[in-house]
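Step one of this worksheet: look at the structure below.
Each reported figure results from applying straightforward, stated rules to the coordinates on display, with no laboratory input. Since the structure is predicted, the reported quantities are computational estimates derived from the model, not experimental observations. Cβ sites come from the backbone with ideal geometry, for glycine too, and all protein chains shown count toward neighbours.
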Amino acid sequence: MNFGVAHTPDSLTALLLEKCKANENDCWVWQGAKDAAGYGFVFFRGKKYRIHRIAAWLYKRVPLRHSTIRVRHRNDLCDRACCNPDHLVKTTLELQARLANKLANEIRWAQ
């Protein structure tokens, strides 16, 4: 973790390409710092961002900070440290909560 680096969008793109390694599911797995939940992260403009949010901002023009827009992995096969833009989808907080509830119900019924 280097808090002294003043990243630009171009340097973040280069960092993504340098610090990611493709796996068997075509995930670009972040090889840098990870949080306790397993998500990769970097510091940009004085704030900590999960690396998949940075990838969505760089490649899909999803806002970095937004009160209702979220970025999630397309499916459960993705590694949490994945930052492959093709594996990321823009969603809302409300939709993400509904999907989580639906998944929890499916798991309960499967048991």
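List of remarks:
- Cα-based helix-to-principal-axis angle, 93-110 vs the chain, degrees rounded to 10: 50
- Here Lys102 is the anchor, and no lysines lie within straight C-alpha reach of less than 16 Å, apart from those fewer than 8 places off in the same chain.
- The lysines whose alpha-carbon is closer than 21 Å to the alpha-carbon of Lys48, local same-chain residues fewer than 8 away aside, are Lys19, Lys34, Lys60, Lys90.
- Answer label for Cα Rg over 2.2 N^0.38 Å (calculated), chosen among (1) 1.23; (2) 1.12; (3) 0.96: (2)
- GNM flexibility winner over the chain from Asn25, Asn84, Asn101 (Cα, springs under 10 Å): Asn101
- Here the chain is assigned +1 on the Cβ of each Lys and Arg and -1 on the Cβ of each Asp and Glu. Its dipole about the Cα centre then comes out at about 500 debye.
- Helix 51-60 axis versus longest C-alpha principal axis of the chain: approximately 80°, rounded to the nearest ten.
- Alpha-carbon centroids, segment 10-42 and segment 70-111: separation in whole Å: 19
- Farthest positive-ward along segment 38-82 dipole, Cα basis, beta-carbon charges - from Phe44, Ala55, Asn75: Phe44
- Fluctuation leader among Thr68, Thr91, Thr13 - the chain, Gaussian network, Cα springs under 10 angstrom: Thr68
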